[in-house]
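Remarks on the structure that follows.
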Amino acid sequence: MTAPHGFSVSRYAPERGTLAKLAARDSVVRRLDWPILLSALALSFIGSLLVWSATRGRTELNNGDPYYFLFRHLLNTGIGVALMIGTIWLGHRTLRGAVPVLYGLSIVLILAVLTPLGATINGAHAWIVVGGGFSLQPSEFVKITIILVMAMLLAAKVDAGDQIHPDHRTVAKALTLAALPMGIVMLMPDLGSVMVMAVIVLGVLLASGASNRWVLGLIGAGVGGAVLVTALGMLDEYQINRFAAFANPDLDPAGVGYNTNQARIAIGSGGLLGSGLFKGSQTTGQFVPEQQTDFVFTVAGEELGFVGAGLILLLLGVILWRACRIARETTELYGTIVAAGIIAWFAFQSFENIGMTLGIMPVAGLPLPFVSYGGSSMFAVWVAIGLLQSIRVQRPMTA
């Protein structure tokens, strides 16, 4: 339609303002999965309070500054959110083309841990100290790399319309590329991260539509690998002690079983509503080691009680539920596989972390996503949220 004298109406129509653009049905803001975003933000905020409670009296850790870990946790969260925004801006499809570079960089970083650049923290030689009180745990980013490289290979011919399911040769290539970084991480040894990676690989295979023989073979290989690693003595003594304490909770309660026993005491003392933030006797008495990282859930159980701990579980459940919707509704196998890998990662790591504080899983040194203190973990999980959001934002809109 044109205006009088042949002028186009659209040429002289006022442009939409910024708020109108953001409110438009096709805007990125409207297409974001807000339940996932708000749940992740809520978990990070709760985590900041729990980390603050666990560390404000630890002068040997905070250098006399009770706000030290609180500010750093909030800073890590802010950087993580910025990484999420950058991931959404780039898009998971753009990152698909950069996967070979990201994979090579990940290999270089985890190999660097095995050189003099590597450092041992809390018994695990899995870190690179970068100075200024900051350290990097490359294995956290390897989880993302494994998801992306396997998704790229397994979905290539399917998304192109050449295959219905990935063939055996493609699956073998994907597993080989996943096995290389996992093997290097095992040499550190970082058993907890390898366990998460193995579950990620299993989740990716199930989502890709690969033959069930590969899934069963992978499970069998995992069991055989665990036996072989134990037989060859590849595990450090502290890792063997953790499994021994899990198998027998009454074994050396003042030694190898101390962490688990104190964690259960802290959670059990919280009752329904907890003792109140900053008022937990186990937490203020510093009876539970590593409460700001691996055992942060014990602070929630003691000071926020069943209600507060249940809220954390609910928020994690919302993230997993919405991620499942994103995986189901995307129209490309690549997006489905990436989402499924993230679901497997978040679900298993959350279950393992909370389970070890309750004594139903062995202590494996894994942080609770979004809640535990730690920059590498926080950055990695927020990048994963960015990938989920990108898959949702870039899916075709329905009428």
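The values are calculated or read from the model by the stated rules, or taken from the named source; none is laboratory data. Computed from a predicted model, the values in this text were never measured in an experiment. Using ideal geometry, Cβ is built from the backbone for each residue, glycine included, and neighbour counts are taken over all protein chains shown. Note: accessible area is taken over every heavy atom of the protein model, side chains too, but ligands, DNA and RNA are not part of it. Shrake-Rupley method; radii C 1.70, N 1.55, O 1.52, S 1.80 Å.
Odds and ends about this structure:
- Computed lengthening from residue 160 to residue 311, 0.36 nm per intervening residue step minus Cα-Cα distance: 50.1 nm
- What the Cβ-Cβ distance of residue 67 and residue 281 gives, at R0 = 35 Å and to the nearest 0.05, is a FRET efficiency of 0.95.
- Amide H partners (placed H, <5 Å) of residue 126, local residues excluded: 119, 121
- Average accessible area per residue (Å²) across region 286-369 - probe 1.4 Å, nucleic acids and ligands excluded: 30 Å²
- Residue-wise HN-Hα coupling along region 39-56, computed from phi with Karplus coefficients 6.51, -1.76, 1.60 (Hz; x: Gly, Pro): 5, 5, 5, 5, 5, 5, 5, 4, x, 4, 5, 5, 4, 4, 5, 6, 10, 5
- Shown in residue order for region 299-307 are the 3J(HN,Hα) couplings computed by the Karplus curve 6.51 cos²θ - 1.76 cosθ + 1.60 at θ = phi - 60°: 5, 5, x, 6, 8, 10, x, 4, 5 Hz (x for Gly and Pro).
- Label sites at residue 58 and residue 328, each approximated as a point 7 angstrom past Cα along Cα to Cβ, lie 4.0 nm apart.
- Length added when fully stretched, residue 211-residue 227, from 0.36 nm per residue minus Cα-Cα: 3.2 nm
- Point-to-point label distance, residue 119-residue 28, nm (Cα→Cβ direction, 7 Å offset): 3.4 nm
- Cα centroid of region 258-282 to Cα centroid of region 33-112, whole Å: 26 Å
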